[in-house]
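See structure below.
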Amino acid sequence: FRNVSIDKAASGYTLSATAPNLAGATSSAFDVFPGAAAKLGFTIQPASALANTIFPAIAVAVQDAGGNTVTGSVANVALSIGTNPGSAALSGVTFLPALNGVATFSNVSITAPGNGYTLVASAQNLGNTVSAPFDMTVGAANKLGFVEQPSTSGPGEVMPAVRVAIQDVVGNTVVTATNSITLAIDTNAGSGTLSGTKTALAVNGVATFADLSIDNTGRGYTLSATAVSLVNVLSAPFSIRNPLVFAMVSAGYFHACGLTTGSESYCWGENNGGQLGDGTTSQRNSPVLISGAQIFDRISAGRSHTCGLTASGSVYCWGSIPAANSLTPAAVSGALTFANVNAGYAHNCGVTTSGAGYCWGDNTSGGLGNGSLAATTVPAPVSGGLTFSSISAGRLFSCGLTTAGSGYCWGDNTSGLVGDGTTTRRLTPVPIASQLKFTTISAGGFHACGLATGGAVYCWGSNDFGELGTGTKVASLVPVPVAGGLTFASLSVGNRHNCAVTAGGAAYCWGENSSGHLGNGTSAGSATPSLVAGQLDFASVSAGRFHTCGVTTSGTAYCWGSNSSNTLGDGTSQNSLVPVRVR
């Protein structure tokens, strides 16, 4: 018998031989081993389950061509959603090495209901395999949950719509539910009265309250939502207060902060690193007061952290960054007296009252300017002995302006960010390749710009989205003038867009605009300055990553662009293509 085979690997096989009129025979026991790893296969398929709950264990085997598990394989297996009817995310540990040839995923879940999901398992050199279809279901109505929280408003002012969902036990919205839901004040921080439509029927599982207001000021109001036979819920705390009057505002990556004319400090937006400084990690859709007794003269929002400067020259930072890692303002070490400070992507820079430059934090590409690539948690002097009036911390680089109006940059230079005509990384300051004198230099994500003494703006670096403002998308290793012939009084550079304000208070923005952060009513990018909609008179504008904020000459703060992390501070989570008032 020359061509017989057994298709399944196992130990202890025997063969029997039979022939007519002869006694049969049985072979000695033998083993069949798997072949080389060739593919993946689900050995335990995902089963239908409640959305947002952990699946029963899912197993994916590394198999040979015949489907035998290759028990010696330790291949890394990745799990992802294939067919995604609910536009959901896959949560949990989704990348595991095989153990005895099998990767077992025991804590994954899918975040939204839907029928006909599939999962895809993949591994290098082994291709993909797709699971059998399964459903993510919703349980019976069990409780209420605020999906749009009440937000800060003025006394008697209608607040943005409050929405309450009817949910199953794990928080999925029960879209078939039509229960009547009632809102009432629970914590009555100012002895106020709730007005408006306070009882509403759920539509597609959600009740909307569009005309609520409270008449008295107070900090820490809460609302209760109740419905028959469902677990009730309390809202997050919110304030009723008179409109804030801002002196300045700073837009970070996913949050923003501002100082009022009354010397109070507020932040809003994403807060997973504690960058709002209120002692929590909860997002805020309207300004929340920063904790602590410090009174700041300046405030600067970075990526996941914020820094503030007091009148005495002390710097405090909070959020997620070396030397901060604090949910409330923490003093920066070094006993230096600063004249200004600027928070970047993962590092900060400041200038002392004597004009010396200092930077601290991440130094992966030399953005600290001290001649090394070593990070530091305390301010380190910028090399070169230059006397600065300001330093701007960008993503992986920094730029400084001397008291004589000359520009210098250092750090990452892969796209010509340093502006010296090269793409060579610079660990210490090098002069920008220009004879121009500047009044402002601002470092962004992948480019930088400067405001020349005559009011013209020049930019350099990456230009994939028209952020250099030249009317093209051609990058430049040296400063090039922004098109349009406008002159400006102030300038701010964001991740891939910029904004500037004329002496007359008109704001213009240009560059990337996928979330509407140019504020011109569209989501189309612009390679030249585009007027911000609304006919507002701005005193200053600050460009963030996917949002922008500004303060009018009357002290009202407005933001526009992405609001997925509550970055606009208007009490909602809705993006806006035009300025909306910070509440």
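The stretch between residue 8 and residue 464, if pulled fully straight at 0.36 nm per residue, gains 158.6 nm over its current Cα-Cα span. Spacing of the modelled spin labels on residue 54 and residue 245, each 7 Å from Cα toward Cβ, amounts to 5.5 nm. Matching the structure-derived Cα extents along the principal axes in Å against the labelled list (i) 112, 65, 46; (ii) 84, 62, 54; (iii) 112, 83, 61 gives the label (i). Taking trypsin sites (Lys or Arg not before Pro) across the stretch 1-74, the ones in a DSSP loop with at most 15 further Cβ atoms lying within 10 angstrom of their Cβ are 2, 8.
Determine the per residue accessible area of the stretch 371-446 with all protein chains present and a 1.4 angstrom probe, expressed in square angstrom.
Details: 2890 Å² over 76 residues.
Heavy-atom SASA per residue in the stretch 371-446 reads 38 Å².
Amide H contacts of residue 347: 362, each under 5 Å away and 5 or more positions distant or on a separate chain (H built 1.01 Å from N in the peptide plane; Pro and chain starts excluded). For residue 39, the lysines whose Cα comes closer than 30 Å to its Cα, not counting residues fewer than 8 places off in the same chain, are 8.
Label sites at residue 522 and residue 554, each approximated as a point 7 angstrom past Cα along Cα to Cβ, lie 2.9 nm apart.
Full extension of the segment from residue 293 to residue 158, taken as 0.36 nm per residue of separation minus the current Cα-Cα distance, would add 45.4 nm.
Applying 1/(1 + (r/R0)^6) with R0 = 22 Å to the Cβ-Cβ distance of residue 456 and residue 435 gives a FRET efficiency near 0.95. Across the stretch 352-359, rounded Karplus estimates of 3J(HN,Hα) from the backbone phi angles (6.51 cos²θ - 1.76 cosθ + 1.60, θ = phi - 60°) give 6, 5, 8, x, 7, x, 9, 9 Hz, Gly and Pro being marked x. Shape analysis of the stretch 167-246 yields a ratio of the Cα radius of gyration to the Kirkwood radius, Rg/Rh, of 1.03.
Which percent of the accessible heavy-atom area of the chain goes to carbon and sulfur, probe 1.4 angstrom? C and S fraction of accessible area: 51 percent. Using C-alpha pairs under 8 Å with a sequence gap of at least 6, the mean separation divided by the residue count of the chain gives a relative contact order of 7 percent. Multiplying the residue separation of residue 232 and residue 1 by 0.36 nm and removing their Cα-Cα distance gives an extension gain of 75.6 nm. Computed from the Cβ-Cβ distance with R0 of 30 Å, the FRET efficiency linking residue 195 to residue 574 stands at 0.80.
With R₀ fixed at 41 Å, the C-beta to C-beta distance from residue 387 to residue 581 puts the FRET efficiency at about 0.50.
The values are calculated or read from the model by the stated rules, or taken from the named source; none is laboratory data. Quantities reported herein were computed from a predicted structural model and do not represent experimental measurements. Cβ: placed from backbone, ideal geometry, glycine included. Neighbour counts: every protein chain shown. Areas reflect the complete protein model, heavy atoms only, side chains present, ligands, DNA and RNA absent. Shrake-Rupley method; radii C 1.70, N 1.55, O 1.52, S 1.80 Å.
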